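First the structure, in the form of structure tokens, and then the observations on it.
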Amino acid sequence: MAKDTFYITTPIYYVNAIPHVGSAYTTIVADVIARWHRLHGEKVFFLTGVDEHGAKQQKSAEEAGIDTQTYVDSMAPHFRELWQALNISNDDFIRTTEERHKRAVVPFLEQLQRNDDVYTARYEGWYCVRCEEFKTDTDVVDGNCTVHGTPVEWLAEDNHFFRLSKYNDRLIELYEKHPEFLQPKRAYNEMFALLKQGLIDTPISRRIKWGIPFPGDPEQVVYVWVEALTNYITAIGYERDPEMFDRIWPADVHLMAKEIVRFHAVIWPAMLMSLDLPLPKHVFAHGWLLAGGEKISKSGRGITDLQPRELIATYGVDAYRYHFTRGIKLGGDDASFSLEDMHARYTADLVNGLGNLASRTLAMVDRYFGGVVPSSEAAGDPEKALLADAENADGAAMSRMEAFEVTQAFDAVWEVVRRANAYLVEREPWKLAKDEAQLPLVGAVLATTAHVLGHLAALLSPVMPTATQELWSRLGYDGAPSLRPPSPVGHTVRAGDPLFPRLEA
Ligand code: MSP
């Protein structure tokens with residue numbers, strides 16, 4: 001069976017603390033992309049999960065004074081539950097302590113060994129437990145990791161190494177032939193420079209307790225990052241369900257933030273090359289959300305008391321998703337999250353923009369036409385032009401989505417919201433309605449904006465699944481929002497409360 005599924009992944013998150021707005025960011029963007037592809041009729045597999053092995057989890061469990069398995073068991077549900085609260089439509093959720101994962105990691109490594117890509121040597125160097133990463137001198141300033149600003153450890157261990165250097169040339173070739181492999185350009189340039197400098201072999205085992213025993217050497221465990229990367233294949237049937245694996249692999253996109261791009265765009269493809277497996281089509285590394293100028297993180301410097309759940313409680317899950325899709329430019333610079341921005345965007349775009357367009361349209365259909373969408377026969381050029389804009393928005397958004405310009409894709413859709421509101425202000429159907437002779441025109445105006453709203457409900461459903469479903473039903477459409485909705489003329493609509501209530505600052 002050939003690949004027939006669009007496959008998107010988030011990183012698997014460490015469970016040493018509860019998820020925050022940063023972890024939620026990647027997950028929401030991935031969900032928007034997954035839903036967009038489903039909306040366009042594609043089969044989609046959207047994977048997320050948690051990374052539960054390694055020194056960092058072991059240490060957190062020790063600090064909590066409980067055994068590590070009990071600790072990770074208690075933390076994983078926080079992620080599952082937040083994703084539910086955020087309406088994340090993942091098809092699977094993998095935990096790396098699950099049997100299906102552990103069992104598949106072993107043949108993965110054995111295959112590397114058979115290919116003579118693994119050898120034993122001594123590692124002497126720095127290690128940052130926070131990053132779970134072997135560090136070079138340039139990554140360490142005054143004994144601190146440059147990412148976390150916390151002390152690194154000196155390791156002197158006999159480890160198993162992967163012959164990463166052997167794949168240097170093939171990686172360069174990959175980058176040259178397929179610049180789309182790693183996006184955006186900034187990440188590409190950085191990694192390409194690294195490849196040009198020359199790669200050195202890298203340890204793939206650790207002498208710690210908490211992990212998957214290294215094949216053939218029970219004294220050591222598999223280095224957590226190597227094991228974590230394989231989640232992308234162990235979850236979809238690698239060495240377990242070849243039919244499923246072939247339908248889904250390779251990933252269309254691995255989405256993440258920039259600090260883990262080397263693992264995904266250098267080490268991971270090199271290992272896949274060794275195993276002769278197809279490579280992911282795209283790796284996309286977005287910037288960081290900042291708090292007080294620092295990367296928001298579960299612990300350390302950029303800690304924030306902003307809780308996704310509190311924001312959801314205030315603004316609703318759709319507005320939360322909307323803010324992070326449109327308010328933070330995917331692939332742009334690091335961005336400070338600000339409550340003021342979120343509130344202003346909520347009011348301008350959702351209350352006064354989409355919400356107002358919907359409530360005006362539905363209320364006037366109610367008031368002047370007894371709640372039934374009137375005929376559009378009197379439609380003239382402005383109505384036809386507006387409807388054409390709504391019909392064309394899908395194509396404009398699609399070309400952006402294909403380039404992972406998710407924010408700009410929805411900017412293009414939002415242009416229709418803006419135009420439709422401007423059109424209503426210009427047409428002033430509420431004034432026209434005072435003159436009986438103008439009622440056919442009023443009808444055409446409202447039939448047009450109702451139809452445009454149908455298009456918008458579909459196009460915005462990946463971002464705001466709940467509000468758009470509500471809008472779609474209020475417009476008298478059945479089922480879930482779908483692209484190219486037929487004209488709603490003759491539909492009985494429901495006005496109801498505002499889709500987005502006005503909130504105090
Ligand atoms: N466990 C590894 C990933 C293994 S994937 C095979 C890991 N986990 S993590 O919990 O630290 O999550 C890192 C990821 O969370 C980032 O790459 C990003 O996707 C997301 N983010 C965490 N903090 C973030 C910000 N402040 N801003 C943007 N994204 C954030 O690394």
For this session: Give segment 328-363 a look and list any residue that's of a type in the set (A, V, I, L, M, F, W, C) and touching a strand residue (DSSP E or B) at 6+ places or on another chain (Cβ under 7 Å), or say none.
Result: ILE328, LEU330, ALA335, PHE337
For this session: Check ALA34 against each of (1) within 16 Å of the ligand (Cβ to nearest atom); (2) at pLDDT 95 or above; (3) in contact with a Lys or Arg (Cβ under 6 Å, 6 or more places away or on another chain) and name the one condition it does not meet.
Result: (3)
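Confirm whether ALA104 is open to solvent by less than 40 Å² (accessible area, probe 1.4 Å) and over 32 Å from the mean Cα position of the chain (by Cα).
no
Please go through segment 14-26 and pick out each residue that is hydroxyl-bearing (Ser, Thr, Tyr) and closer than 15 Å to TRP288 by Cβ.
SER23, TYR25, THR26
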Problem set entry | Checklist (1) in contact with a Pro (Cβ under 9 Å, 6 or more places away or on another chain); (2) surrounded by fewer than 16 Cβ atoms within 10 Å (Cβ to Cβ) applied to TYR119, failing item | (1)
For this session: Please give the number of the condition ASN159 fails out of (1) open to solvent by 20 Å² or more (accessible area, probe 1.4 Å); (2) part of a strand (DSSP E or B).
Result: (1)
Exercise. Considering only residues of segment 28-73 that are in a strand (DSSP E or B) and not acidic (Asp, Glu), which is most open to solvent (accessible area, probe 1.4 Å)?
Worked result: LYS43
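Return yes or no: is ALA17 of a type in the set (A, V, I, L, M) and modelled with pLDDT of 95 or more?
Values: of a type in the set (A, V, I, L, M): yes; modelled with pLDDT of 95 or more: no.
Considered against the rule, which asks whether it is of a type in the set (A, V, I, L, M) and modelled with pLDDT of 95 or more, ALA17 comes out as no.
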For this session: Test each condition in (1) assigned to a strand (DSSP E or B); (2) more than 14 Å from the ligand (Cβ to nearest atom) for MET256 and report the one that comes out false.
Result: (2)
For this session: Restricting attention to segment 94-153, report how many residues are over 24 Å from GLY293 (Cα atoms), more than 16 Å from the ligand (Cβ to nearest atom) and among the β-branched types (Val, Ile, Thr).
Result: 4
Problem set entry | The one condition in (1) free of Cβ contacts under 8 Å to residues at least 60 places away in the same chain; (2) open to solvent by 20 Å² or more (accessible area, probe 1.4 Å); (3) not polar (S, T, N, Q) that ALA85 fails to fulfil | (1)
Exercise. Can you name the number of the only condition in (1) in the same structural domain as LEU290 (by TED's automatic domain parsing); (2) over 18 Å from HIS254 (Cα atoms) that MET1 fails?
Worked result: (1)
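What number of residues within segment 386-400 satisfy the criterion of being within 18 Å of VAL489 (Cα to Cα) and surrounded by fewer than 17 Cβ atoms within 10 Å (Cβ to Cβ)?
2
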Problem set entry | Restricting segment 167-177 to residues that are open to solvent by 80 Å² or more (accessible area, probe 1.4 Å) and free of Cβ contacts under 8 Å to residues at least 24 places away in the same chain, the residue that is farthest from ALA251 (Cα to Cα) | ASP169
Problem set entry | Matching option when the condition is at pLDDT 95 or above and not assigned by TED's automatic domain parsing to the domain that holds ALA363, among GLY479, GLY443, GLY454 | GLY479
Exercise. Of all the residues that make up segment 10-30, how many are within 18 Å of THR325 (Cβ to Cβ), near the ligand (Cβ under 6 Å from one of its atoms) and among the hydroxyl-bearing types (Ser, Thr, Tyr)?
Worked result: 3
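So that you can scan it fast, the table gives a plain yes or no per residue for (1) surrounded by fewer than 21 Cβ atoms within 10 Å (Cβ to Cβ); (2) away from the ligand (no atom under 12 Å from the Cβ):
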site: VAL283; (1), (2): no, no
site: ARG321; (1), (2): no, yes
site: PHE324; (1), (2): no, no
site: ASP341; (1), (2): yes, yes
site: ARG345; (1), (2): yes, yes
site: VAL351; (1), (2): yes, yes
site: MET364; (1), (2): no, yes
site: ALA379; (1), (2): yes, yes
Problem set entry | Cross-chain or 6+ apart pairs with Cβ under 8 Å, segment 258-276 first and under 12 Å from LEU182 (Cα atoms), then open to solvent by 20 Å² or more (accessible area, probe 1.4 Å) and outside any helix (DSSP H, G or I) | LYS258/TRP288; VAL266/LEU199; PRO269/LEU279
Exercise. Name the residues in segment 178-201 that are open to solvent by less than 50 Å² (accessible area, probe 1.4 Å) and assigned to a loop (DSSP other than H, G, I, E, B), would you?
Worked result: PRO184, GLY198, LEU199, ASP201
Seminar exercise, completed: Per the filter on segment 74-116, residues assigned to a loop (DSSP other than H, G, I, E, B) and closer than 13 Å to ALA235 by Cα are ASN90, ASP91, THR96, THR97, GLU98
Problem set entry | Residues of segment 230-248 satisfying the condition of being within 16 Å of the ligand (Cβ to nearest atom) and open to solvent by less than 10 Å² (accessible area, probe 1.4 Å) | THR230, ASN231, TYR232, ILE233, THR234, ALA235, ILE236
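Name the one entry in LYS166, LYS209 that is among the charged types (D, E, K, R), more than 16 Å from the ligand (Cβ to nearest atom) and assigned to a helix (DSSP H, G or I).
LYS166
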Exercise. Can you name the condition, by its number, that LYS258 falls short on among (1) on the phi < 0 side of the Ramachandran plot; (2) touching a Pro at 6+ places or on another chain (Cβ under 6 Å); (3) of a type in the set (D, E, K, R)?
Worked result: (2)
Exercise. Out of all the residues in segment 288-305, is one or more over 23 Å from LEU182 (Cα atoms), away from the ligand (no atom under 13 Å from the Cβ) and open to solvent by 40 Å² or more (accessible area, probe 1.4 Å)?
Worked result: yes
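The values are calculated or read from the model by the stated rules, or taken from the named source; none is laboratory data. None of the values given here were measured: they were computed from a predicted structure. In this analysis, Cβ positions are derived from the backbone assuming ideal geometry, glycine residues included, and neighbour counts consider all displayed protein chains. Surface areas here come from the heavy atoms of the whole protein model, side chains and all, with no ligands, DNA or RNA. Shrake-Rupley method; radii C 1.70, N 1.55, O 1.52, S 1.80 Å.
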